[in-house]
Structure formats: structure tokens, C-alpha cells
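Chemist: What follows is a single structure, and I will ask about it in a moment.
FYI, it's all coordinate maths here, none of it is from the lab. If you're wondering where the values come from, they're calculated on a predicted model, not measured in any experiment. Using ideal geometry, Cβ is built from the backbone for each residue, glycine included, and neighbour counts are taken over all protein chains shown.
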Amino acid sequence: MSLFDVYASVPLQIAGAVGGAVCSVVAIRLAQIVPDRMELETRPRPQWWWITAGVVGVAYGWVVANAFASWALLPALLVFIAATLGLALIDLDHQLIPNRVLFPAIGATAGLLVLGALVDGVAGDLLRAAAGGLGYFAFLLLVAIVARGGFGMGDVKLAFLLGLMLAFASWGAWFVGIVGSILLGGVASGLLLMFGSKGRKAKFAYGPYLVLGAWVALVWGQQIAEWYTGS
């Protein structure tokens, strides 16, 4: 069984992997310096934690290079990886998604996505991307208001960035990314309630599960949607 129907050229695969390595360094650096700048308590992590983050970045850089097979879109994808990986690491430690990382990430990703889409001749997909970003933001905002807990405003704002990239790929990827993220976070929070030492008082970082669901759906979401609907 092959991960992709068609693989990208070898130079593009190498660029994706190398770019993913750079993204990992940036993400790890963000996770280490942002808490200090915000006067948050630093949480020491073992070396294997950062090595794992580095491997994940390299692997996913290679994956998206194959999935999109586009030199023009690769910069936007790599910025997206660096930002979301860094935000996930920060959220795991501090249950916080800082605006000082998120807002520049949205601006850089959106700008590079526009340039890449214009070069590739798929500018029409940008309207879908904008609608997807706003739609995911509005949905999570509604859930946060109705549920009165679980999702913080950092998660809601992160949803815009995730929805932007997912909808650019396809509506199927967008839908699967939302559903998958909610399911992953729901299972993880349930396990925390069952086995966590602090029970219901424990803080829960939902951001990493939003990111994980989006990462999977960005690459394979459309195939999952087609399989589910039988189309």
C-alpha cells in the first residue's frame, strides 16, 4: 500500500524534508523562548522530547511535499508546519496559544499561500480557503460559547489558520480535519478525566489535537471523506 498515488520529484521530496527540519528547529525554539518572554514558568523537557519533535517535523515536511507536489506552495506549507508544531508544543506545556506567535503565522501563511496559488494558477482555491478559515473559526467560537469551557479563545483563533489550509486543500479535508480533531481531543480529555491525578480540575490543552487532526486531514482528508461517503 502506497501513501500517495503519485510521489513528488526527488528534489522536491528532499526540499520538503530539509524544510521540515528547519521548521522543527524554529518550532522548538519558539517553544523554549516564548514562555520566557511571557514570564511563564519554564517546564523542563527531556532530550528525547525535542528529538521527537524534530523527527516529526522532518517527516511531515516530506509528507506535504509529496501530497501537494508544488514548489510554489511549499513555503506556505513549511511556515504552517513550523507555526502549528511550535504552538502545539507551547500549548502542551502552558495551555496557552500566544497571539505573538499565532498572528504572524496567520499573516505569513496566508501571504505565501496567495503567492503560491497565483504561481500555480489555482487562485480560485483562495476563496474556498478564506471561507474555510472563517467557517472553522465561527464554528469553534460557537462551541466555546455554548459549552462554556473546553475551548479557549486561543483554540478558536488557531482554528482560522487550520481552516484556511484545510479548505485550500478541499472541503473534504476541511470537514475531516474538524471532525477528526474533535474526536481526538474528546478521547484524550476523557482519558485525562478517567486516569489523571487531578480529575476534572486538570487543565487540558486542546490545541495539539486540533493541529494533529488538521495535519492528517491536510494530506489524506479528501480520500477519507470519499471513502466515508462511498464516492
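Chemist: Could you work out the pair-distance distribution P(r) of region 52-112 from its alpha-carbon pairs, with 5 angstrom bin width and percents rounded to whole numbers?
Modeler: 4, 18, 26, 22, 19, 9, 3, 0
Chemist: If you rank T109, T52 by fewest surrounding Cβ atoms within 10 Å, what's the result? Walk me through the numbers before you get to the answer.
Modeler: Values: T109 24, T52 13.
If I rank by nearby Cβ atoms, fewest first, I get T52, T109.
Chemist: Next question. At most 16 other C-beta atoms within 10 Å and a DSSP loop state: those are the exposed trypsin sites (Lys or Arg not before Pro) I care about. Give me the longest piece of the chain that has none. Walk me through the numbers before you get to the answer.
Modeler: Values: sites that count: R148, K198, K203.
With a cap of 16 other Cβ atoms within 10 Å, the longest stretch comes to 1-147.
Chemist: With the radius of gyration and the Kirkwood radius both derived from the Cα set of the chain, what is their ratio Rg to Rh? Please report the intermediate quantities before stating the final value.
Modeler: Values: Rg = 17.3 Å, Rh = 18.0 Å.
Rounded to two decimals, Rg/Rh equals 0.96.
Chemist: I'd like the orientation of helix 99-120 relative to the chain: the angle between its Cα long axis and the longest Cα principal axis, in ° from 0 to 90, rounded to 10.
Modeler: Roughly 10 degrees between the two axes.
Chemist: Take peptides 64-71, 119-126 and line them up by average Cβ neighbours within 10 Å, highest first, as a rough protection proxy.
Modeler: On the way: 64-71: 20.6, 119-126: 13.1.
Highest mean packing first, the order is 64-71, 119-126.
Chemist: Order these by the 10 Å Cβ neighbour count, fewest first: W171, W62.
Modeler: Ordered by Cβ neighbours within 10 Å, fewest first: W171, W62.
Chemist: On a 0 to 90 degree scale, rounded to 10, what angle separates helix 125-147 from the longest Cα axis of the chain?
Modeler: The angle comes out at about 20 degrees.
Chemist: Among F168, F151, F4, what is the fewest-to-most ranking by other Cβ atoms within 10 Å? Walk me through the numbers before you get to the answer.
Modeler: Working: F168 27, F151 23, F4 13.
Ranking F168, F151, F4 by Cβ neighbours within 10 Å, fewest first, gives F4, F151, F168.
Chemist: Given 0.36 nm per residue, what is the gain on full extension from R29 to I51 after removing their alpha carbon distance, in nm? The partial results should precede the final answer.
Modeler: Details: separation 22, 0.36 × 22 = 7.92 nm, distance 1.26 nm.
Separation in residues times 0.36 nm, less the Cα-Cα distance, equals 6.7 nm.
Chemist: For region 187-195, what does the Karplus curve 6.51 cos²θ - 1.76 cosθ + 1.60, with θ = phi - 60°, yield as ³J(HN,Hα) per residue in whole Hz, taken in order and with x for Gly and Pro?
Modeler: Couplings: 5, 5, 5, x, 5, 5, 5, 6, 10 Hz.
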